[in-house]
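Report on the structure given below.
The values are calculated or read from the model by the stated rules, or taken from the named source; none is laboratory data. Source: prediction; values computed, not measured. A quick note on method: Cβ atoms are made from the backbone with ideal geometry, for glycine too, and the neighbour counts reach across all protein chains shown.
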Amino acid sequence: MPGKSILDTFKNKAKVLKKKIILAEGYDIRHVEAAGMLQKENIMKEVVLIGDEDKVLSLAKEKKISLDNGITIVDPKKSPNKDAYITLLFERRKHKGMTVEKAKEIIENESIYTAAAMVALDEADGMVGGAVYSTAEMIRATLFLIGVKPGLKTLSSFFLMEHPNKELFENGCCIFSDCGVVPNPTAEQLADIATSAVSSYKSFISDNPKVALLSFSTRGSAKDALIDKVIEAKNILDHRNVDFDFDGEMQFDAALLPAIAEKKAPDSKVAGNANIFIFPDLNAGNIGYKIAERLGGCKAIGPILQGALKPVNDLSRGCSSSDIMATAIITALQSQ
């Protein structure tokens with residue numbers, strides 16, 4: 001795809017998939033604008049805006065956005081399925097002290113919980129929120145109502161990194177994870193993050209994932225407790241008998257460059273060919289993706305949530321309507 005952004009490719013794929021995606025904060029003008037943009041380009045089968053119906057309609061009228069073309073409003077207090085959402089939240093959280101009355105209050109007043117319940121009950125293919133709510137609240141709603149994929153315990157995130165040199169990786173694209181959610185993952189969480197990142201890679205890039213578990217050591221070149229955690233994550237993946245290539249502990253240059261890999265890990269299936277880079281903690285991940293973006297000329301798309309049973313994505317509270325549109329498109333691809 002020379003000269004073409006990966007997001008353009010994603011948009012074309014989403015048009016074929018025709019998914020139903022929820023924009024969970026419909027009382028925010030950016031969500032209403034994004035819904036209009038998505039349907040103007042005929043990208044989704046349906047876009048659902050969650051929020052007080054009068055407020056959503058007022059915003060749409062103000063911006064002259066038609067809500068007739070595949071855009072639906074779900075008012076949490078008026079939805080005919082409200083009781084099902086309340087029951088679901090109560091059943092999922094009663095072991096933690098949730099009552100029916102509290103569940104009703106949350107569903108009626110916290111739009112992301114209604115959205116998460118709809119996704120959990122297969123009333124939509126995925127959801128987007130976080131322009132108003134915090135990341136922590138988005139994750140909480142996801143874990144309470146949707147949960148994580150079988151075999152995993154960790155909700156994490158990734159950045160899709162698009163390098164200007166299309167000869168790198170697959171059309172210049174690789175994955176950095178986790179750069180946005182888990183501050184100091186355990187070895188088991190690192191293994192979960194790697195497994196989730198493979199699914200993400202397959203959804204967005206290709207069927208040839210190669211995972212490098214990053215550290216400041218390659219194959220025992222240094223000794224430290226920080227390295228031990230990465231080694232243990234590799235051992236966990238070994239015992240899980242996963243169906244993808246992985247290796248570690250590994251320095252970034254050994255993971256990326258064949259000449260360095262030949263010296264440091266000559267027998268590795270991953271060294272010199274990695275396309276998924278798993279960082280040992282959030283410090284390293286956040287710093288790493290920003291260096292790649294600001295000094296390496298990469299475009300960083302994300303953070304995109306991964307590991308949830310159904311697609312959910314979080315937004316920056318400073319996001320634009322275009323950002324919400326792009327995130328909705330990504331969410332549609334995750335629901336394949």
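Please find, within the stretch 78-112, the residue that is farthest from K20 (Cα to Cα) out of those that are part of a helix (DSSP H, G or I) and acidic (D, E). Looking at residues that are part of a helix (DSSP H, G or I) and acidic (D, E), I get E101. Within the stretch 51-77, the residues that satisfy the criterion of being of a type in the set (A, V, I, L, M, F, W, C) and either outside the structural domain of S320 (by TED's automatic domain parsing) or in a helix (DSSP H, G or I) (or both) are V56, L57, L59, A60. Of N171, N184, all but one fail to be out of contact with any His (no Cβ under 7 Å at 6 or more places or on another chain) and at positive phi; the exception is N171. All conditions but one from (1) in contact (Cβ under 8 Å) with a residue 60 or more places away in the chain; (2) assigned to a loop (DSSP other than H, G, I, E, B) apply to A116; the one that does not is (2). Only one entry in K19, K82, K4 is at pLDDT below 95 and of a type in the set (K, R), namely K4. Looking across the stretch 35-72, just one residue is among the acidic types (D, E) and closer than 19 Å to G130 by Cα, and that is D52. Selection of the stretch 1-50 for residues being within 19 Å of S203 (Cα to Cα) and part of a helix (DSSP H, G or I) yields I6, L7, D8, T9, F10, K11, N12, K13, A14, K15, V16, L17. Among the residues of the stretch 163-184, those identified as surrounded by fewer than 20 Cβ atoms within 10 Å (Cβ to Cβ) and either modelled with pLDDT of 90 or more or in a loop (DSSP other than H, G, I, E, B) (or both) are H163, P164, N165, K166, E167, L168, N171, G172, P183, N184.
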